[in-house]
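Please treat every number below as a calculation from the coordinates, not as lab data. Because the structure is predicted, anything quoted here is derived from the model rather than measured. Note that each Cβ is placed from the backbone with ideal geometry, even for glycine, and that neighbours are counted across all protein chains shown.
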Amino acid sequence: MKSAEKAISDNSCNLWIGLVLPNTPAYSETFFRSKIRGLHEAGHGVILFVGGSSSGKTFEGCRVVVAPRVYGNRFVQLLAMLFLLSRLCVTCPRRVRRFLNLELQTRRSWREAIENLYLNSHILPRKLDWLHFGFATMAIRRENVASTIGARMAVSLRGYDICLYPLKHPGCYDLIWKRVDKVHTISDDLLAVARKEGLPERVPIQKITPAIDTQKFSVDGLRRSLRNPVRLLTVARLHWKKGLEYTLEALAILHQKGLDFRYTIIGEGREYERLCFAAHQLGISDRVHFVGKLPHEAVKKNME
């Protein structure tokens, strides 16, 4: 943590990286937490640019910069835009001019350009070497920010970003593919989908697959016979795309065939109540245990 705290106040960092996320990394987003920690250990500075619902000035030793709020009231929104854009024109007029020129060159209207200037007003004054969008959707309407501030642009591909979002918004990444300097993917499959969506071969790719440190787990248990009852464990965010309801349905079938089991689910999310009710409907609620989120050491202990 000392190196992270130093990164906030010390201008001698090797590189400054801006990480754009919807919110500060959640409990289950270990990739971002590990990335931040690794960058700090390598002597780089990290600034988090997050959505308006986030709070706090720092996270894991990083400075947190919150995006400008979008108000439902038009008059209040107009006042907020006038205030922020006036300040931006005073502090970095050249960047304002460059950003608007780039926006207009991409055939956006003046209204769209001004709106995007407001939405990105928390990033435009910063001095960065890299601007990394943790999700490809986060780069939409921000395609010209990196070029404006003289930084390089990186984008991470996630399942929802590349497999679902383009179905409703065809061509949504066309401008991103023209601007991006490097792409991070977690699998060859996602990369293949991105290629179909127009990602050019010229763009450098870095594949970092999700993984665990196998040295932290003993394999002795694999050589033993199955316990009675059979113990099953899932560690996941409670989200529809995890398919946990299918697991419950499969276990209900096994229960009807006489298999005795205990199923533990570690994690939290918006689908908690629906999954609890599904377990009840399937008649296996006494065998399914939702324990919520746990610290990493507790997760490891459950896996053992």
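Roughly how tilted is helix 74-91, in degrees to the nearest 10 and between 0 and 90, from the longest Cα axis of the chain?
Helix 74-91 sits at roughly 60 degrees to that axis.
Helix 110-119 versus the longest principal axis of the chain: what angle, 0 to 90°, nearest 10, using Cα atoms?
With both axes taken from Cα atoms, the answer is about 60 degrees.
Show me the ranking of peptides 241-253, 113-125 by mean Cβ neighbours inside 10 Å, starting with the highest. All intermediate terms of the calculation are to be shown ahead of the outcome.
Details: 241-253: 14.9, 113-125: 18.5.
By packing density, highest mean first, the sequence is 113-125, 241-253.
Hey, can you grab everything whose amide H is under 5 Å from the amide H of R152? Only 5+ residues off in sequence or another chain; H modelled, so Pro and N-termini drop out.
Residues meeting the criterion, in which the H sits 1.01 Å from N, are W130, L131.
What is the dipole size for the chain, taken about its Cα centre, with +1 at each Lys and Arg Cβ and -1 at each Asp and Glu Cβ, in debye to the nearest 20?
Value, rounded to 20: 680 debye.
Measure up K35/K182; K35/K207; K196/K242; K182/K241 against 19 Å on the Cα-Cα distance and list the ones that go over.
Table pairs above 19 Å Cα-Cα are K196/K242; K182/K241.
Assuming 1.306 mPa s and 10 °C, estimate D for the range 75-222 with Stokes-Einstein, Rh taken as the Kirkwood radius over Cα pairs, in µm²/s. Kindly include the intermediate steps, with their values, before the conclusion.
Details: Rh = 17.2 Å.
Translational diffusion coefficient: 92 µm²/s.
Using +1 at the Cβ of each Lys and Arg and -1 at the Cβ of each Asp and Glu in the chain, identify which of S34, Y263, I114 lies farthest towards the dipole's positive end.
Sorting the options by dipole projection puts first I114.
With θ taken as phi - 60° and the coefficients 6.51, -1.76 and 1.60, list the Karplus ³J(HN,Hα) couplings across the range 182-190 in order, rounded to whole Hz; mark glycine and proline as x.
For the range 182-190, the Karplus curve yields 7, 10, 9, 10, 9, 7, 5, 5, 5 Hz.
For the chain, what is the per residue volume of the convex hull drawn over the alpha-carbon atoms, in cubic angstrom?
For the chain, the hull spanned by Cα atoms encloses 178 Å³ per residue.
For the range 135-286, what log10 I(q)/I(0) values come out of the Debye formula at q = 0.09, 0.18 1/Å, with one point per alpha carbon and no solvent?
The Debye formula, applied to the Cα set alone, gives -0.48, -1.06.
Please compute the Cα-Cα pair-distance distribution of the range 214-303 with 10 Å bins starting at 0, giving whole percents from short to long.
15, 45, 33, 7
What residues qualify as long-range amide H neighbours of V230, i.e. H under 5 Å apart, gap of 5 or more or another chain, H built at 1.01 Å from N?
Amide H to amide H, under 5 Å and 5 or more residues apart or across chains, V230 pairs with D260, F261, R262.
Using each residue's phi in the range 233-241, evaluate 6.51 cos²θ - 1.76 cosθ + 1.60 at θ = phi - 60° and report the 3J(HN,Hα) Karplus result to the nearest Hz, with x for Gly and Pro.
9, 10, 10, 6, 6, 7, 9, 4, 6
Helix 244-256 against the longest principal axis of the chain: what's the angle in degrees, Cα atoms only, rounded to the nearest 10?
Helix 244-256 sits at roughly 10 degrees to that axis.
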